[in-house]
1. Looking at (1) more than 14 Å from the ligand (Cβ to nearest atom); (2) at pLDDT below 85, which one does B:F32 not meet, given that it meets all the others?
2. Among (1) touching a strand residue (DSSP E or B) at 6+ places or on another chain (Cβ under 6 Å); (2) facing another protein chain (nearest Cβ under 9 Å), which single condition is A:T104 missing?
3. Which one is nearest to the ligand (Cβ to nearest atom), of the residues in the range B:12-29 that are touching a helix residue (DSSP H, G or I) at 6+ places or on another chain (Cβ under 6 Å) and in a loop (DSSP other than H, G, I, E, B)?
4. Filter the range B:40-56 down to residues that are assigned to a helix (DSSP H, G or I) and either within 13 Å of the ligand (Cβ to nearest atom) or of a type in the set (A, V, I, L, M) (or both), then give me how many there are.
5. Quick check, is B:K6 on the phi < 0 side of the Ramachandran plot, more than 16 Å from the ligand (Cβ to nearest atom) and modelled with pLDDT of 85 or more?
6. Within 14 Å of chain B (Cβ to nearest Cβ), closer than 30 Å to A:T2 by Cα and modelled with pLDDT under 85: is that true of A:G44 in this structure?
7. From (1) at pLDDT below 85; (2) over 22 Å from A:H3 (Cβ atoms), pick out the condition that doesn't hold for A:E117.
8. Within the set of pairs 6+ apart or on separate chains, which have a first residue in the range B:7-36 that is at the interface with chain A (Cβ under 9 Å from one of its Cβ atoms), a second that is within 11 Å of the ligand (Cβ to nearest atom) and not in a helix (DSSP H, G or I), and C-beta atoms under 9 Å apart?
Amino acid sequence: MTHYELLFVIKPTHTQEEIDAHIANVKASIEKDGGVIAATQNMGMRKLAYEVEKHNRGYYTAYYFTAKPATIIEVERLIRINESILKFMTVKYAKKKEIIAWETAVKRLNNPHSAKEEAVAPKVEVAPEATADSEA
Amino acid sequence: MAEKRKYKKRYCKYCETKTDYIDFKNVSSFKFSLSERFKIMPRRLTGNCKRHQDMVTIAIKRARQTAMIPYIVDRQNVVTNPFEGL
Ligand SMILES: [Zn+2]
């Protein structure tokens, strides 16, 4: 089992239920082959730094999990064929110090009040200029 | 020149805090390693050590790929307030 982090961005045109369903799909694909999700970071709707497929915003979610390397191939394959996911990024935590960082991140996410140092509260940005976005 | 003075004191900010891993999702943490046009600032100006500069570089490139920070900011692609919401 290897330590991983998976961040993915869902299209902003979906309703909250559809977004939740896509997140659940990704979660299921990780857990299907023995992956264990340790923490979830829900970063919410954020403004994208550049246009992606004509979208200006995206719904960010990050999973911290342990899984077999073969699982990642399958998870990424499913993400690639899913047209609702704009961007994704898998990060492997291999070195000892990286795994410690992974564990602290998981701890911080699971009980956000105990970690004193800049507990990066998931920024839920309800973009004020939401109306200006082209919801193409 | 102004930029040079900004980075006059040369020491590695990450060594001071004993950082072992830089999270690419936490964009504000490597903000000072980016120029106004979102280029990666060289080590000679920020004072980062080689080890931490490599970490910052990886984190910035990951953040670029996931559309958290722009690749470039130019006249065609003006960002009114680049660091808003970071
Ligand atoms: Zn350093």
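The values are calculated or read from the model by the stated rules, or taken from the named source; none is laboratory data. These numbers come from a predicted model, not from an experiment. With ideal geometry, Cβ positions are generated from the backbone for all residues, glycine too; neighbour counts draw on all protein chains shown.
1. (1)
2. (1)
3. B:C12
4. Within the range B:40-56, the subset assigned to a helix (DSSP H, G or I) is B:43-46, B:50-56.
Now drop any that are not either within 13 Å of the ligand (Cβ to nearest atom) or of a type in the set (A, V, I, L, M) (or both), which leaves B:43, B:45-46, B:50-56.
Qualifying residue count, the range B:40-56: 10.
5. On the way: on the phi < 0 side of the Ramachandran plot: yes; more than 16 Å from the ligand (Cβ to nearest atom): yes; modelled with pLDDT of 85 or more: no.
The answer is no for B:K6.
6. Details: within 14 Å of chain B (Cβ to nearest Cβ): yes; closer than 30 Å to A:T2 by Cα: yes; modelled with pLDDT under 85: yes.
Here the answer is yes, as A:G44 does meet what is asked.
7. (2)
8. Close Cβ pairs (under 9 Å, with a partner that is within 11 Å of the ligand (Cβ to nearest atom) and not in a helix (DSSP H, G or I)) amount to B:S29/B:T19; B:S29/B:I22.
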